[in-house]
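Sending over a structure as structure tokens; questions will come in a sec.
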Amino acid sequence: MKVLRTTDFQLAPVGTYRGVLCDVIDMGERENTYNPGEMLAYVQFAFQTEHLMPNGKPYVARTFPMTQKFPGNSKLTKFGVALRGRKFTKEEEEGFDFDDLIGTNAIIEVTHNIDKNGKPWANVVKVAPLPEGTEPSLKVTGSYVRVQDWERNSK
């Protein structure tokens, strides 16, 4: 008998508040809707919020998927610049491991959206670094399991 992973998932509240980057999710490849036949790799970022669910765990909200195009004028590059509060150096543009940003505190803006299957999502639509002089007070909690580890932990 196959037992499915259970979840106590609840949508993060709409608003602007602090969050901590808790996951960089490899979404795999999908067909380019604008150029059928071309496959593009996608990535998504997840943040735990400063707000807690009734069970005491932080809410989690994700960005919309972004193509893994880097550097240049891509959404991924713009996201990295916004989160870090600075441009990438020439050396970083040669190759940057976005996993290194896990644990980064930021100001996030969350909205609610419904996907094409009718499923609601809390999406991070904007990020900004913490204001200068603000201590990064949020840590990724042990209750969060990275998406890459879901299958491993379910066995």
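The values are calculated or read from the model by the stated rules, or taken from the named source; none is laboratory data. It should be emphasised that the depicted structure is a prediction, and the values quoted were computed from it without experimental measurement. Backbone-built Cβ (ideal geometry, glycine too); neighbour counts: all protein chains shown.
Which ones in the range 35-64 are of a type in the set (Asp, Glu) and closer than 18 Å to Ala122 by Cα?
Passing the criteria: only Glu50.
Of all residues being in a loop (DSSP other than H, G, I, E, B) and under 24 Å from Asp115 (Cα atoms) in the range 65-82, which is modelled with the lowest pLDDT? Just the residue, please.
Per the criteria, the residue is Lys69.
Next up: Does Gln48 qualify as being free of Cβ contacts under 8 Å to residues at least 60 places away in the same chain, within 21 Å of Leu11 (Cα to Cα), crowded, with 17+ Cβ neighbours inside 10 Å and touching a strand residue (DSSP E or B) at 6+ places or on another chain (Cβ under 7 Å)?
So Gln48 fails the test.
Then there is this: In this structure, does Glu135 turn out to be modelled with pLDDT under 95, charged (D, E, K, R) and either out of contact with any strand residue (DSSP E or B) (no Cβ under 7 Å at 6 or more places or on another chain) or not in a helix (DSSP H, G or I) (or both)?
yes
Check the range 138-151 and report whether any residue there is within 27 Å of Phe70 (Cβ to Cβ) and in contact with a Phe, Trp or Tyr (Cβ under 8 Å, 6 or more places away or on another chain).
Taking every residue of the range 138-151 in turn, none turns out to be within 27 Å of Phe70 (Cβ to Cβ) and in contact with a Phe, Trp or Tyr (Cβ under 8 Å, 6 or more places away or on another chain).
A follow-up question, please. Mind listing whichever residues of the range 83-99 are surrounded by 11 or more Cβ atoms within 10 Å (Cβ to Cβ), assigned to a helix (DSSP H, G or I) and of a type outside the set (Phe, Trp, Tyr)?
Answer for the range 83-99, where residues must be surrounded by 11 or more Cβ atoms within 10 Å (Cβ to Cβ), assigned to a helix (DSSP H, G or I) and of a type outside the set (Phe, Trp, Tyr): Leu83, Arg84, Glu92, Glu93, Asp99.
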